[in-house]
1. With the checklist (1) more than 22 Å from residue 440 (Cα to Cα); (2) part of a strand (DSSP E or B) in hand, flag the one item residue 526 doesn't pass.
2. Would a scan of the stretch 496-504 turn up a residue that is surrounded by fewer than 22 Cβ atoms within 10 Å (Cβ to Cβ) and out of contact with any Phe, Trp or Tyr (no Cβ under 7 Å at 6 or more places or on another chain)?
3. Would you check which residues across the stretch 229-245 are outside any loop (DSSP other than H, G, I, E, B) and crowded, with 17+ Cβ neighbours inside 10 Å and list them?
4. Can residue 632 be described as more than 20 Å from residue 586 (Cβ to Cβ) and either among the β-branched types (Val, Ile, Thr) or surrounded by 22 or more Cβ atoms within 10 Å (Cβ to Cβ) (or both)?
5. Of the conditions (1) more than 30 Å from residue 446 (Cα to Cα); (2) at pLDDT below 95, residue 247 fails just one. Which one is it?
6. Does the stretch 419-448 hold any residues that are assigned to a strand (DSSP E or B), under 14 Å from the mean Cα position of the chain (by Cα) and over 24 Å from residue 391 (Cβ atoms), and which are they?
7. Is there a residue in the stretch 397-418 that is buried (at least 20 other Cβ atoms within 10 Å of the Cβ), part of a loop (DSSP other than H, G, I, E, B), in contact with a strand residue (DSSP E or B) (Cβ under 9 Å, 6 or more places away or on another chain) and among the aliphatic types (A, V, I, L, M)?
8. Might you check whether a residue that is charged (D, E, K, R), surrounded by fewer than 19 Cβ atoms within 10 Å (Cβ to Cβ) and either in a strand (DSSP E or B) or on the phi < 0 side of the Ramachandran plot (or both) occurs anywhere in the stretch 735-743?
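The values are calculated or read from the model by the stated rules, or taken from the named source; none is laboratory data. All figures in this text were calculated on a predicted structure; none of them were measured in a lab. For neighbour counting, all protein chains shown are included, and Cβ atoms are generated from backbone atoms with ideal geometry for every residue, glycine included.
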Amino acid sequence: MNKAVTDGIDFMPPSFANGLDVWSSGDGTPGSDTYLNNPNAAFVPADQDFGAALEFLKTSATQRVRYMGDIPILPGCYLQIKARVKAISGALPSVRVAAWAGQAGGAALTGVTTTGASTALTGFGEVVEVTGIVSVADRMGVDMAWGPNAVFGHFGIDLTGPSGGVVRIDDIEITDATEFFLRELMDWVDVRDYGAIGDGNTDDHAAFEAADAAANGREVLVPAGTYRLNDSVTFQNRVRFQGTVSMPDAAILALTKNYDLPAYIDAFDDEELAFKKAFQALFNNAGHESLDLGGRLISVRGPIDLHAAVGNKDTFKQRRYVRNGQFSVVPGPNWTTDVVTSQGTYNLANSKTLTGVSNAANIQVGSLVEGNGVGREIYVRSKNVPAQEITLSAPLYDAAGTQNFTFSRFKYILDFSGFDQISKFSMSNVDLQCSGDCSGILLPPTGTGFHFRDSFMTRPKDRGITSHGEGDQGMMIDRCQFLSDESPLLAQDRVSIGLNANGNDIKLRDNRVTHHRHWAVLGGSSSIITGNHLFQGDGATNGIRTAGIVLMRTNNRGTITGNYVDNCFIEWANEHDASPEFASEFSFSALSISGNVFLASNCVPWFNFIIVKPYGGGHFINGMSVVNNTFRMIGGKIDRVEAIDTTFANVDFNRMQNITFNNNAFNNIDEEVENPLLLHHEEQSEQQVWNIELAPQLVFRGQAQTCESVVASGAIRDGNNDVYFGAPYYTARQGPNNDQIHLNWEKPVRGNVTMKVRVDDPL
């Protein structure tokens, strides 16, 4: 920067040869004495050192020479005043640069320094050069700092010390010296000034660290070029990348002052690599708690192995957070599912292990396991190749013995499976654009508190979020959208699953879900599922529907409240049980379904909204509440809202307990049910035993197990039309299906009663 060049400002005073009438022997202000016609001063046209010069006799204690022109003082501009002086004869004085400071209106600016350092003349004919720098700014190297009120100045020199000597002065120069301060004025330092080469081969690591150390709060500039960094670099100052860097996978680039994905994209010029290096820094710098993707789209060419990206950690339990961006899949062979078929042996005594797996080395951790007697969402949690063993995420319900299993390893955009444990990890405002080519997220095998919120899982090929272990413990999914790639397909032909979990305490809240085979397959207990909209319909007439939510734990302790369950159903099963027959454990118990909207359209009439499916005999329901829900069918009717799926076994109706199924609304449902069942019965002719048919209003087509109350509605009369005041007793579980109650009277009577009958024993 030079104002003479950029703005055309001429700071240079005229030569003495142009006349001495503009050179003052005073302070340089208008009206001060000049050297024109001064008897003690003369213009010397030819000096052997100076050429033209001003010669005068020093006659006063401070002999001044000032240019009378107004030299402007500009913010950001640094003026250097330079003079060359030599003694000719007589006493030897001292010389210094000096000035008069002016402000707006022409008044003197007081309280500022107006002189530079003084230099003594020590011999005759010796040329001495003095300089001084004046500026608005008070910076190192400025001799006269005048502040923002300075507008102009009159510049020159002072001669001090003994008088009587003759002195000659060369033409005084005033130049813009801002370039001397350029490095300090600019808010950046250049890595090249500290030895960086930028040829892509030379290790510039030391130069980068030196530049950062020198920046001292300024920005570090990485100019055009490719800079090789063979070791980790941590910047304590902001960095601006015009060029790019390359590093070994294990080396960490930590940008502590501008830590976000756009900065890493500038550094590496590759969105996918930039994300890996930024994620690596996220897990290796305590100064970062979140990675802002900056709204950028990250083109992903293959699964991102996050454990490999971090490189130096197997376990991480500090809160970390990725937000505000989109991952977009680039189609290609990297997303092809790897499928291995292998023979293995399953033993009930070791319910999560396959043994004798001869090609265990080829089976990948995180693979889906399929075979006879294998339940939904069973994955390879780990493997022991020398022992030929595979550890499973959950037991198998009917696979004892040796058989062939299929292991399918889906490919995920974000793969955490290489870690041993990750806890307190969160993602928000992120769109995983799977595009029907791959799956979304594979969780670590252990961990707690994974949180996915305000995000999109868009068109996963196979799975949205997969847990192959217990890395889902306490997982929270809030305000997300799970959008299927299978919308054109019939419901029964879809294969994608939104998420699965094996751990407890899952929270699924306020999500929107479309057209998966299942949205959530939950193997743990104590889940809270609230405020979600699940839609799994299709355009078929008399269409088949699939489960939106699948619960795998019998003693469930779950809450399903305030959801919109649209063209799908809730399935409660126990297929993750190596011994699915009831033994001494809690059976189907502790599930609350309340305040939901259940809707279906154009379904087969045997469709049900709530299905209990035991995979072994002897089970029963012991603690279930279905209250304050609305059940509606449009485009036809269905038989009833609830059912027991007896594909594998029925329940023991005789052991049903603690079922509350009431205050629900039914629209276009043929068989409305409740428990306890309130009904009115009229016996028109005198009978000693009243046979009361309760089917099909008994919940789950159960047995009439208990009669809570019998109240006569009006007079009970005998054959003589006399009022009868006796009370009956009941016998339960009557009829071929045990779905009748008999009221037994002392004698034949007729009349009306109101009854409450239960399919369970509330005690």
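1. All conditions are met except number (2).
2. Yes, because at least one residue in the stretch 496-504 is surrounded by fewer than 22 Cβ atoms within 10 Å (Cβ to Cβ) and out of contact with any Phe, Trp or Tyr (no Cβ under 7 Å at 6 or more places or on another chain).
3. 233, 235, 239, 241, 244, 245
4. The answer is no for residue 632.
5. (2)
6. 426, 427, 428, 429, 430, 431, 432
7. yes
8. Within the stretch 735-743 (the criterion being charged (D, E, K, R), surrounded by fewer than 19 Cβ atoms within 10 Å (Cβ to Cβ) and either in a strand (DSSP E or B) or on the phi < 0 side of the Ramachandran plot (or both)), the answer is no, since none of the residues qualifies.
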